[in-house]
Amino acid sequence: MGGEGLPGGIPPIRRLGTYLLHMPYDAGYRSELIRCQQTAAIVTEITGHPFTADPRLNEQIDEPYTRVLERVQNFLDEVSETPHRHIWVCTHGAIIAALKHLLTREAHTPVNQNDYTQPGELLIIRERQPEVVRFGSGETTYV
């Protein structure tokens, strides 16, 4: 999930929240950065499901690729030790790319570190298969 472009991004985020209203939820995590705080607050308002801030989900300018990968793997390792199976994450580009490739067991290399969803898009990973739902055009579309 991404909230970049607030307040113009509010309508797609509200559509995203409505979409998530009936989706399974065990836990939610978000970066500490303002756009994720805002996005998660809107989704929580609609769904009633809270997000816990986690600094490992923050995007940092000019952070080495290996450090991003290390932080995301640490997050995934910790979350895998919980009973949670339906986890919502609000974060940013490089972190989304790392999550996507680590969770689908694709090779995550510097070449695909820009393989992430855009603001107004939701990445869902089920049984190691990624799918994208877009909320930005005034309607919901599935890719």
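The values are calculated or read from the model by the stated rules, or taken from the named source; none is laboratory data. Worth saying up front: this structure is predicted, and the values here are computed from it rather than measured. Counting neighbours? That spans all protein chains shown, and the Cβs are built from the backbone with ideal geometry, glycine included. What goes into the accessible areas is simple: the full protein's heavy atoms, side chains included, and nothing from ligands, DNA or RNA. Shrake-Rupley method; radii C 1.70, N 1.55, O 1.52, S 1.80 Å.
Conditions tested, residue by residue: (1) under 20 Å from Y25 (Cα atoms); (2) in contact with a Pro (Cβ under 9 Å, 6 or more places away or on another chain); (3) not β-branched (V, I, T).
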site	(1), (2), (3)
E63	no, no, yes
R71	no, yes, yes
P83	yes, no, yes
Q118	no, no, yes
L122	yes, no, yes
E127	yes, no, yes
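Being among the basic types (K, R), surrounded by 16 or more Cβ atoms within 10 Å (Cβ to Cβ) and within 22 Å of P11 (Cα to Cα): is that true of R30 here?
Yes, satisfied.
Enumerate the pairs (first residue in the stretch 50-62 and within 11 Å of H92 (Cβ to Cβ) and modelled with pLDDT under 95; second residue anywhere and assigned to a loop (DSSP other than H, G, I, E, B) and aliphatic (A, V, I, L, M)) with beta-carbon separation below 8 Å, excluding pairs fewer than 6 apart on the same chain, so at least 6 apart or on different chains.
Once the first residue is within 11 Å of H92 (Cβ to Cβ) and modelled with pLDDT under 95 and sits in the stretch 50-62, its partners that are assigned to a loop (DSSP other than H, G, I, E, B) and aliphatic (A, V, I, L, M) give E59/L33.
Restricted to the stretch 98-136, and to residues that are without any contact (Cβ under 8 Å) to a residue 60 or more places away in the chain and polar (S, T, N, Q), which residue is surrounded by the most Cβ atoms within 10 Å (Cβ to Cβ)?
This residue is Q113.
Any residue in the stretch 63-85 that is over 19 Å from I125 (Cα atoms), modelled with pLDDT of 95 or more and open to solvent by 50 Å² or more (accessible area, probe 1.4 Å)?
no
Can we say Y29 is in a strand (DSSP E or B), under 19 Å from H84 (Cα atoms) and hydroxyl-bearing (S, T, Y)?
So Y29 fits the description; yes.
L21 is checked against (1) touching a Ser or Thr at 6+ places or on another chain (Cβ under 6 Å); (2) surrounded by 15 or more Cβ atoms within 10 Å (Cβ to Cβ) and fails just one. What number does that condition carry?
(2)
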